Amino acid sequence: MTTQNIYILAIESSCDDTAASVMLNGKILSNVVAGQSIHESYGGVVPELASRAHQQNIVPVVQQALKRANVDKKQLSAIAFTRGPGLMGSLLVGTSFAKSMAYGLNIPLIDVNHMQAHILAHFIDEDGFQKPPFPFLGMTISGGHTQIVKVNSHFDMEVIGETIDDAVGEAFDKSGKILGLGYPAGPEIDKRAKLGNPKAFKFTKPKVEGLNFSFSGLKTAILYFIQKETHANPNFIEEYLNDICASIQFTIIGILIDKLKLASKQTGINHIAIGGGVSANTGIRKALKDGEVKFGWTTYVPKFEFTTDNAAMIAIVGYLKFLEGDFAEQSVTASSRLKI
Ligand code: KG4
Ligand code: ZN
């Protein structure tokens, strides 16, 4: 029996990272990401600047991905691209590029849902990383998303909880902004949290029914707290920065773990797989490991480069859809609010 070699080129451009990846039969050959530092001085992503940067980056990023994989475009079996959700102007760049390239090479086009991809990143063949068994709970936590998904099979997923306002990464970034930290503030808060006392200051957790999340109230509570304290002591932030960071992080992790506990109880599922930029947080990783002992969970964290926005996760979805013969038409369009 001859096995077919399936080469997928994947393109991701939903937010502020232009990314391309080449995959052979479920294994990543290259994974290139061009970030956009232009947004740093604005303290958040500026959509118009993002789409312009994608236009500049997409050709060199795709070329790099093919070169690093040592694959010629004539070898490609299909092109996968992020159709949504995301910023419309950003999505359009990747979508039109993928469509023209697939048309030019006369190979199939595969549309990918970015949120499914964050979860299916766990199915990339990677030494030392286990694939979660079905059904499992996927939690995607990043600057743009906060979702708990019941994953019954590769393409049978159900969102059982999500944020009703800010994403968890925004809670880190906006708190950091109040404290005068750079953007994005998540990694800095994480670093400082290790040096501080998580119980130094108490912030009340939001009261949201069921499995949904809310983070905007926490941001306001932190703002008022800092205003009050700096009024009494102008050096408050400077003197207590590590304790403040530890306390904020402790509160956010508590919110995430509470919801995971509830989701696990409601569904009877103990396999929990996380993804998204916030899954880099050392506190959440530790809390998940503790959950293995305390609650009998088995937890899965993908390789870091597959958790933040990347095209490798788009490639694995492309590969799985290729195996099912699930292709897109040339008439496919980007969809900024695409649902799982
Ligand atoms: O997945 P990602 O790179 O992009 C999207 O937002 O889709 O996630 C970026 C987010 C930012 O909010 C950043 O502050 C947060 O992930 N982040 C962290 C850490 N590393 C990145 N948050 C907490 N602790 C970290 N170590
Ligand atoms: Zn994402």
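The values are calculated or read from the model by the stated rules, or taken from the named source; none is laboratory data. Since the structure is predicted, the reported quantities are computational estimates derived from the model, not experimental observations. Ideal geometry is used to build each Cβ from the backbone, glycine not excepted, and the neighbour counts take in all protein chains shown.
Give region 140-177 a look and list any residue that's away from ligand 1 (no atom under 16 Å from the Cβ), closer than 18 Å to F123 by Cβ and either in contact with a Phe, Trp or Tyr (Cβ under 9 Å, 6 or more places away or on another chain) or of a type in the set (S, T, Y) (or both), or say none.
Once the filter is applied, which keeps residues that are away from ligand 1 (no atom under 16 Å from the Cβ), closer than 18 Å to F123 by Cβ and either in contact with a Phe, Trp or Tyr (Cβ under 9 Å, 6 or more places away or on another chain) or of a type in the set (S, T, Y) (or both), region 140-177 yields K150, V151, N152, S153, H154, D156.
Working only within region 239-270, note down all residues that are in a helix (DSSP H, G or I), over 11 Å from I141 (Cβ atoms) and free of Cβ contacts under 8 Å to residues at least 40 places away in the same chain.
E239, I257, K261, K265
List the number of the failed condition for K207; all other conditions in (1) within 30 Å of L241 (Cβ to Cβ); (2) buried (at least 17 other Cβ atoms within 10 Å of the Cβ); (3) free of Cβ contacts under 8 Å to residues at least 40 places away in the same chain hold.
(2)
Test each condition in (1) within 16 Å of ligand 1 (Cβ to nearest atom); (2) in contact (Cβ under 8 Å) with a residue 60 or more places away in the chain for N25 and report the one that comes out false.
(1)
Is it the case that some residue within region 36-49 is modelled with pLDDT of 95 or more and either touching a Phe, Trp or Tyr at 6+ places or on another chain (Cβ under 9 Å) or not in a helix (DSSP H, G or I) (or both)?
Taking every residue of region 36-49 in turn, none turns out to be modelled with pLDDT of 95 or more and either touching a Phe, Trp or Tyr at 6+ places or on another chain (Cβ under 9 Å) or not in a helix (DSSP H, G or I) (or both).
Check whether at least one residue in region 271-294 is of a type in the set (S, T, N, Q), more than 12 Å from ligand 1 (Cβ to nearest atom) and either under 20 Å from the mean Cα position of the chain (by Cα) or part of a helix (DSSP H, G or I) (or both), and report yes or no.
No.
Contact list please: Cβ distance under 9 Å, first residue in region 222-236 and at negative phi, second residue exposed (fewer than 14 other Cβ atoms within 10 Å of the Cβ), pairs at least six apart or on different chains.
Correct list of pairs: N233/E239; F236/T230.
In contact with a strand residue (DSSP E or B) (Cβ under 6 Å, 6 or more places away or on another chain), of a type in the set (A, V, I, L, M) and surrounded by fewer than 18 Cβ atoms within 10 Å (Cβ to Cβ): which single residue out of V332, V317 fits that description?
Unique residue meeting the criteria: V332.
Only one residue in S77, S153, S96 is at pLDDT 95 or above, of a type in the set (G, A, S), farther than 22 Å from A34 by Cα and outside the structural domain of L256 (by TED's automatic domain parsing). Which one?
Just a single option satisfies the conditions, and that option is S77.
Kindly provide the set of residues from region 186-200 that are crowded, with 19+ Cβ neighbours inside 10 Å and farther than 12 Å from I252 by Cβ, ordered by number.
Result: R192, G196.
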